[in-house]
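Below: one structure, written as structure tokens.
The numbers here are math on the coordinates, done by the rules we state, and not lab data. Computed from a predicted model, the values in this text were never measured in an experiment. All Cβ positions, even for glycine, are placed from backbone atoms using ideal geometry, and neighbour counts span all protein chains on display.
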Amino acid sequence: MPHVSFELLFPVSIVAGFVGAMAGMGGGVVIIPVLTLLGVDIKHAIAISILSVIATSSGSASAYIRDHITNLKVGMFLEMFTIAGALTGARITLAVSPRPLYIIFGLVLLASWLALLFGSHKLAHTGPQDKFTHWLELEGSYPDRVLGQTVHYKARRAYFGAPLMYLAGIIAGLLGIGAGAVKVLIHDLIMGLPPKVSTTTSNMIIGVTALAGASVYLVAGLIDPGLAAPVILGIAIGAFAGTRLLVRMSNQAVRRFFLFILLILAVEMMVRGIRGGL
Amino acid sequence: MTDDPKIGAGKHAGATAGDLGETKREFDMDAVVGYILLIGVLISLVLVVSALIWRWIDTRALSFDYKLTGMNLFQLVLDEVRLAAHGMLRPRLLLSLGIAMLMLTPYIRVLASMVYFMAALKNWKYSVFTAIVLLTLTYSLFLR
């Protein structure tokens with residue numbers, strides 16, 4: 001594996017964290033393709049990325065939890081499934097050859113891209129809560145600053161959300177990304193959580209899920225501290241700056257530009273996976 | 001239901017007494033969990049930056065080339081601490097501790113949540129769920 005210098009990797013990681021945050025995704029989806037373009041083997045790239053995911057998700061989850069938007073019970077219940085998924089996913093990555101990883105990465109990135117571009121944040125459904133979800137106490141309220149009131153909600157269909165979250169965990173562990181777009185889709189569409197609750201709770205779940213995956217990669221010797229240092233620092237700085245800028249920005253055109261970069265990365269990864277000769 | 005947003009989640013005007021007690025405790029727990037995550041990540045980033053600065057002072061270079069082979073998190077921490085105890089203080093100690101701290105941050109968050117569900121809320125259902133998460137994570141940290 002070629003040596004990538006700190007002087008190159010640090011600024012590149014800042015940009016990756018920034019682009020990821022501006023597009024509404026994590027830094028992992030950007031840094032993995034970039035690291036592989038710099039000659040880093042994809043499994044090492046995945047292992048480093050999943051470490052940086054712990055930093056960015058925990059950092060941003062912190063503020064949301066303190067603002068009482070995150071639902072700890074929903075998070076705790078679903079984490080049982082995402083962690084198991086991440087352990088499965090990381091083990092699959094260790095076992096398979098690089099080519100399918102490129103193709104799956106491209107496909108997941110493309111699917112997340114479509115979800116972000118066309119996803120509509122509808123209000124949560126207000127139908128009756130099923131018995132199982134009621135038994136799980138998956139409901140709550142949060143202070144909505146925009147609406148100027150406390151929003152009360154009840155989640156639904158946890159029996160369906162849970163196995164799907166296991167699959168989301170597999171994707172996260174397999175590819176070393178937060179897979180936030182997938183988790184938010186499950187929260188929104190299946191469990192009927194309000195968009196704010198679903199995004200912030202997904203953020204909290206991402207941290208522990210990434211930890212489970214990172215443990216597998218650590219024991220496998222895939223975490224290279226020399227690569228990890230600039231990437232973790234750079235992505236944390238870039239994502240922090242990107243998130244700050246994003247909340248102040250109302251211009252959709254800028255966001256679409258960053259989404260376009262993600263589309264290019266998705267296609268590029270798939271092409272490399274299909275053509276081989278990595 | 002509409003509440004004054006300025007009152008915040010801890011003090012719903014229309015909440016029943018039971019609700020009030022639980023949300024008040026949740027209020028505190030949200031802050032604890034939030035700060036655990038924030039402080040954990042900050043300590044980890046400070047350790048990594050310190051490692052880099054120390055490395056730069058020592059060698060005028062910012063690269064680290066050492067491998068973590070076949071070690072789980074606890075072996076990694078033990079190894080580094082043992083070397084430090086023998087007076088072998090090196091920049092890589094800080095870097096390894098930074099990585100370890102990062103990985104321990106979500107773990108400590110889950111641990112704190114379990115104490116909360118068990119001791120404060122006495123919610124056995126969620127104590128069990130959190131225990132399952134904690135056991136799975138502990139298993140993953142002790143993988144060989």
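What residue among A:166, A:153, A:217 has the largest mean-square fluctuation in a Gaussian network model of chain A, using Cα springs under 10 Å?
A:153
How large is ³J(HN,Hα), in whole Hz, for each residue of region A:34-48 in order, when computed from phi with the Karplus curve 6.51 cos²θ - 1.76 cosθ + 1.60 and θ = phi - 60°, using x for Gly and Pro?
Residue by residue, region A:34-48 yields 5, 4, 5, 5, 7, x, 6, 4, 4, 5, 5, 4, 4, 5, 5 Hz.
Per-residue HN-Hα couplings for region A:77-88, Karplus 6.51 cos²θ - 1.76 cosθ + 1.60 at θ = phi - 60°, whole Hz, x for Gly and Pro?
After applying 6.51 cos²θ - 1.76 cosθ + 1.60, I find 5, 6, 4, 4, 8, 5, 5, 4, x, 4, 5, 4 Hz.
With springs only between Cα atoms under 10 Å, which of A:110, A:193, A:38 fluctuates most in a Gaussian network model of chain A?
A:38
Where does the protein assembly as shown land at 222 nm, in deg cm²/dmol rounded to the nearest 500, when only DSSP H runs of n ≥ 4 count, each adding -39500 (n - 2.57), divided by all residues? Before the final figure, lay out each step's value.
Numbers: 15 runs with 298 residues, N = 422.
The helix-only estimate for the protein assembly as shown comes to -24500 deg cm²/dmol at 222 nm.
Can you list residues whose amide H is under 5 Å from residue A:151's amide H, if they're 5+ apart or on another chain and H is modeled 1.01 Å from N?
It is A:142, A:144, by chain and number.
Distances longer than 20 Å among the Cα atoms of region B:22-141: what percent of all pairs is that?
Values: 3868 of 7140 pairs.
Counting pairs separated by more than 20 Å, the tail of P(r) holds 54 percent.
Where does helix A:6-22 land angle-wise versus the long Cα axis of chain A, in degrees 0 to 90, nearest 10?
30
With angles folded into 0 to 90 degrees, how steeply does helix A:158-175 sit against the dominant principal axis of chain A? Use alpha carbons for both and round to 10.
10
Applying the Karplus parametrisation 6.51 cos²θ - 1.76 cosθ + 1.60 with θ = phi - 60° to the phi angles of region B:80-90, what ³J(HN,Hα) value in whole Hz is obtained for each residue in order, glycine and proline being reported as x?
Going residue by residue, I get 5, 5, 4, 5, 5, 5, 7, x, 8, 7, 9 Hz, with x marking Gly and Pro.
In degrees from 0 to 90, rounded to the nearest 10, what is the angle of the helix A:225-248 Cα long axis to the longest principal axis of chain A?
Roughly 40 degrees between the two axes.
Going by how many other beta carbons lie within 10 Å of each one, how would you line up A:130, B:58, A:188, fewest first? The partial results should precede the final answer.
Values: A:130 16, B:58 10, A:188 23.
Fewest to most other Cβ atoms nearby, the residues stand as B:58, A:130, A:188.
Taking the Cα centroid of region B:54-111 and of region A:173-252, what is the distance between the two, rounded to the nearest whole Å?
That distance is 23 Å.
Which entries in A:131/B:125; A:154/B:125; A:43/A:73; A:43/B:67; A:183/B:122; A:154/A:183 show an alpha-carbon gap greater than 23 Å? Present the calculation step by step, with values, prior to reporting the outcome.
Working: A:131/B:125 15 Å; A:154/B:125 18 Å; A:43/A:73 33 Å; A:43/B:67 15 Å; A:183/B:122 29 Å; A:154/A:183 18 Å.
Over 23 Å apart, Cα to Cα: A:43/A:73; A:183/B:122.
Going 7 Å from the Cα of residue B:128 toward and past its Cβ, which residues in region A:157-174 have a backbone nitrogen under 17 Å from where you end up?
A:159
Binning every alpha carbon pair distance of chain A at 5 Å from zero, what are the percents per bin?
1, 6, 13, 18, 19, 17, 12, 7, 4, 2, 1, 0
So who's got an amide H within less than 5 Å of the one on residue A:139, skipping anything under 5 residues away but keeping other chains? H placed 1.01 Å off N, in plane.
Here A:155 satisfy the definition.
Between A:178, A:213, A:140, which gets the highest mean-square fluctuation from a Gaussian network model of chain A, Cα cutoff 10 Å?
A:140
Could you state the orientation-averaged shadow area of the convex hull built on the Cα atoms of region A:25-168, in nm² to one decimal? Spell out each step's value before the answer.
Working: hull surface 40.7 nm².
Across all orientations, region A:25-168 yields a mean hull projection of 10.2 nm².
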